[in-house]
Amino acid sequence: MADDKSGACVLDGRIAHFSDLTKSPQAFVDTRLPEHARDIYNVIGPGVSEDPALLPSIADAQDFNLTYVGAEPGKGAALHDHPTVEVFVAMSGRWAVIWGANGENEVTLEPFDVVSVPPGVMRGFRNDGDTHAILMAIVGGSNSGKVTWSKSVLERARASGLDLDDDGNIVETG
């Protein structure tokens, strides 16, 4: 590894091996809904997770957050939006990225295909393949804000026993 002029390793705390990543199966309020079950791995920066216990492997985001999403076929994120751009990169499998107020638009991503969704656009995604797959999600900003969910997603999440507190973090409701 390269050292800076003082002799300290400039990459200390800046390396994340996938095998060492911590995942959260409940990083977002929609993950308890069967069709939205997925694992979230925060790699660089806190991103927009609603699980305050999910810490990134590389904490220093420097205006750049990177997350891996792992999901079984047919599973993925419900419609939501962000105050920042969100970039999706299919790492394995086939992924559908859905967007629009009611999810009326859709594109299929194959491995290494990329889509960049602008701020404020409702979007979601699902594993459209036939095996477990990984999607990379990148959001900008050192403070990327919180997710805004469609009203129907929040209603269904509340019925499942999950809600969001005033800070936008997941809470069990009973």
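Would you mind counting up the charge near residue 55? Only other residues with Cβ under 14 Å from its Cβ, with Lys and Arg at +1 and Asp and Glu at -1. Intermediate values should be presented prior to the final figure.
Working: positive: 23; negative: 20, 50, 51, 60.
Around residue 55, the charge tally is -3.
A Stokes-Einstein calculation at 25 °C with viscosity 0.890 mPa s, built on the Kirkwood radius of segment 16-174 over Cα pairs, returns a diffusion coefficient of 159 µm²/s. Here the peptides 143-152, 113-122, 30-39 are ranked by packing, the mean other Cβ count within 10 Å, and the order with the highest first is 30-39, 143-152, 113-122. Summarising the amide proton neighbourhood of residue 21: residues at separation of 5 or more, or on other chains, whose placed amide H is nearer than 5 Å comprise an empty set. Between residue 143 and residue 15, the contour length at 0.36 nm per residue exceeds the alpha carbon distance by 44.0 nm.
How big is the dipole moment of the chain about its Cα centre under a simple scheme where the beta carbon of each Lys and Arg is +1, that of each Asp and Glu is -1, and everything else is neutral? Debye, nearest 20, please. Display every interim value, and only then the final one.
Values: 13 positive and 26 negative charges, 39 e Å.
For the chain, the charge dipole is close to 180 debye.
The long axis of helix 151-160 is offset from the longest Cα principal axis of the chain by roughly 90 degrees.
What does the net charge come to around residue 107 if you take all other residues with beta carbon closer than 15 Å to its beta carbon, with K and R at +1 and D and E at -1?
Details: positive: 94, 123, 126; negative: 86, 104, 106, 110, 113, 128.
Neighbour charge sum, excluding residue 107 itself: -3.
Laboratory data are not the source of any read-out in this text; all were calculated from the coordinates shown. Worth saying up front: this structure is predicted, and the values here are computed from it rather than measured. Here the Cβ is made from the backbone with ideal geometry for all residues, glycine too, and neighbour counts use every protein chain on show.
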